[in-house]
Amino acid sequence: MSLIELAERKAHARALGLYVFAGLTVVMLGLTFSTWRPSFFEGMWLGFTLVSTLYLSPLATRLKSGPLAQLLEDEVTRDHRRTSSAIGFWAGLLAAAAMLAVGSVPGLLSASDSARIIFTAAIVVAQVRLATLELQAAR
C-alpha cells in the first residue's frame with residue numbers, strides 16, 4: 001500500500017471518527033439531564049468534549065512528523081478546519097441566543113445546563129461540518 005493510499009484511509013477513518021464523537025457527545029449531553037448519576041455523565045460529557053476539541057484541532061497531527069502527517073494536514077484540510085471552526089462559532093452563538101431566550105423562563109434550565117448545550121452545539125456542528133467536508137474532498 002502506498003503512502004497516499006494510507007493517508008486516504010486515515011483521513012477517511014478520521015472523518016468517520018468525527019461523526020462518532022459528535023454523536024457520542026450529544027448522547028452524553030442528553031444523559032447529563034437524567035436523574036440517574038448526572039455527575040458521572042457530566043464527567044463523561046466533559047471527557048468527550050475535550051477529546052472532540054482535540055480531534056478538531058490540528059495539534060494531534062502537528063505533534064507527529066513525517067510524510068504521512070504532512071499528507072494528512074495539507075492546505076485543503078487546514079481550510080476545512082477553518083471553515084468548520086467558523087460554522088461552529090456561529091452555531092455556538094445561535095445556541096447562546098436560544099439559551100438566553102429559554103433562560104428567561106425561571107427554573108427551566110440552570111446556567112451549567114445552558115453552558116453544556118452551547119458547548120455541545122458549537123463542537124458538534126464543527127465536527128459534523130469538518131467530517132462532511134473531508135469526505136466530500138475524498139470523492
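Values computed for the structure shown
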item	result
Helix axis angle, 75-103 relative to the chain longest principal axis, alpha carbon, degrees	0 degrees
Gain in span if fully extended, LEU68 to LEU109, counting 0.36 nm per residue against the direct Cα distance	10.2 nm
Histogram of C-alpha separations across region 3-138, 5 Å bin width, %	2, 10, 18, 20, 17, 13, 9, 6, 4, 2, 1, 0
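Every number in this text was worked out from the coordinates using simple rules, so none of it is lab data. Remember, predicted model here, so these are calculated numbers, not experimental data.
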